[in-house]
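> Below is the structure I would like to discuss, written out as structure tokens.
The values are calculated or read from the model by the stated rules, or taken from the named source; none is laboratory data. What you see is a predicted model; the values in this text were computed from it and never measured. Don't worry about glycine lacking a Cβ; one is built from the backbone with ideal geometry, like all the others, and counts go over all protein chains shown.
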Amino acid sequence: MTGPTSFHGLDAVQLRAPDNATAMVTAYGAHHVSWMPANGDERIFMSEISAVDKRSPIRGGVPVIFPQFATYGPLPHHGLVRSRDWRVSDVGADDDAAYAVFRIEDCTETRTLWPHAFICELKVTVRGDRLAIELRVRNPGPSPFDFCAALHTYCRVQNIHEVRLEGLHGVRYRDRTNHDQEIEDPAETLTVRGEVDRIYANAPTSLCLIEPHRGLQVDADGFPDVVVWNPWATRSKLLPDMPDDGYLHMLCVEAAAITRPVTLAPGESWRAAQTLTCLP
């Protein structure tokens, strides 16, 4: 049944499609914390030692990044909305799917950090073997603004040593582990053998995350970039909200708009989405 629930004390919405595919999103950050396809296992990585006290962001799931990515700007890390409460504006069913819509607007606190009016809406839809997350941004104010955005998706994997990501051969990326050096990816498939933190510009809209006995298709619509991140062993030990071995079971594949910020004129809107589909 779709409706309100609680996630470690945080207000949340539980989505259940008619075929029993489920998802859960907290009001805090409109943060996606679980996705189980119909008759499937959990496909979203969550750190079991993450804080859920509203004093710091949740580690894992799908944080919403807006209007700044990471430290590329003067705002708090990853922007303004992942550590604030969103309002649940709609919950329901659509054909064979369950969905929920979350909404956040600027307030006095955000305007002290970023002097712009904004409205963000996040729609999460689950059905069968598919999860769709759509982000909309609107500028209701009197002046234009520029922003970056991303869906910081932590994909759960069984063993990072056996994972490959297909679709990025020949795409140029910014290597955040090496002073943002720009490199053209020469590999036919991306395998993780150490810390990876890359921003791929103008990436293909469809990627495949392949494991020995399962796969995940990652499709972007309106997001031109892709971020791929795994902290590996040394960095995992430095993150207070990540288990030492957490890196073994996650790979972030993030639909993003970073390398060329989006400009919204007064009254304009922008939308983009990421869809995850389980492969046999």
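> Of the numbered conditions (1) within 30 Å of THR263 (Cα to Cα); (2) in contact (Cβ under 8 Å) with a residue 40 or more places away in the chain; (3) in contact with an Asp or Glu (Cβ under 6 Å, 6 or more places away or on another chain), GLY222 satisfies every one except a single condition; which is it?
(3)
> For the range 53-74, which residues satisfy the criterion of being surrounded by 19 or more Cβ atoms within 10 Å (Cβ to Cβ) and either in contact (Cβ under 8 Å) with a residue 60 or more places away in the chain or of a type in the set (A, V, I, L, M, F, W, C) (or both)?
Result: ILE58, ARG59, GLY60, GLY61, VAL62, PRO63, VAL64, ILE65, PHE66, PRO67, GLN68, PHE69.
> Quick one: count up the residues across the range 230-280 that are more than 30 Å from HIS213 (Cβ to Cβ) and polar (S, T, N, Q).
Number satisfying all stated conditions: 3.
> Select from the range 108-143 the residues that are of a type in the set (A, V, I, L, M, F, W, C) and assigned to a loop (DSSP other than H, G, I, E, B) and write down the one among them that is surrounded by the fewest Cβ atoms within 10 Å (Cβ to Cβ).
Among those residues, the one meeting the criterion is ALA117.
> Name the residue that is farthest from VAL226 (Cα to Cα), counting only residues in the range 253-274 that are assigned to a strand (DSSP E or B) and among the charged types (D, E, K, R).
Top of the filtered list is ARG271.
> Out of the range 144-189, which residues are touching an Asp or Glu at 6+ places or on another chain (Cβ under 9 Å), surrounded by fewer than 17 Cβ atoms within 10 Å (Cβ to Cβ) and among the small types (Gly, Ala, Ser)?
Scanning the range 144-189 gives a single hit, GLY170.
> Any idea how many residues of the range 160-172 are in contact (Cβ under 8 Å) with a residue 60 or more places away in the chain and either β-branched (Val, Ile, Thr) or not in a helix (DSSP H, G or I) (or both)?
Of the residues in that region, 4 qualify.
> Out of the residues in the range 224-269 meeting the condition of being among the hydrophobic types (A, V, I, L, M, F, W, C) and in contact with a helix residue (DSSP H, G or I) (Cβ under 9 Å, 6 or more places away or on another chain), tell me which one is surrounded by the fewest Cβ atoms within 10 Å (Cβ to Cβ).
Of everything passing the filter in the range 224-269, ALA233 is surrounded by the fewest Cβ atoms within 10 Å (Cβ to Cβ).
> Can you confirm whether the range 75-90 contains a residue that is over 25 Å from GLY141 (Cβ atoms) and either under 17 Å from the mean Cα position of the chain (by Cα) or surrounded by 20 or more Cβ atoms within 10 Å (Cβ to Cβ) (or both)?
No, the range 75-90 contains no residue that is over 25 Å from GLY141 (Cβ atoms) and either under 17 Å from the mean Cα position of the chain (by Cα) or surrounded by 20 or more Cβ atoms within 10 Å (Cβ to Cβ) (or both).
> Please determine whether any residue of the range 152-159 is at pLDDT 95 or above, in contact with a Ser or Thr (Cβ under 9 Å, 6 or more places away or on another chain) and either of a type in the set (Lys, Arg) or part of a strand (DSSP E or B) (or both).
yes
> Looking only at the range 173-216, which residues are within 20 Å of ARG260 (Cβ to Cβ), without any contact (Cβ under 8 Å) to a residue 60 or more places away in the chain and in a loop (DSSP other than H, G, I, E, B)?
ASP180, ASP185, ALA201, ASN202, ALA203, PRO204, THR205
> Something else: Return only the number of the condition from (1) touching a Lys or Arg at 6+ places or on another chain (Cβ under 7 Å); (2) surrounded by fewer than 21 Cβ atoms within 10 Å (Cβ to Cβ) that ASP221 does not satisfy.
(1)
> Just to be sure before I move on: is THR205 more than 20 Å from the chain's Cα centre (by Cα), more than 30 Å from ARG111 (Cα to Cα) and among the polar types (S, T, N, Q) in the structure I sent?
So THR205 does not fit the description; no.
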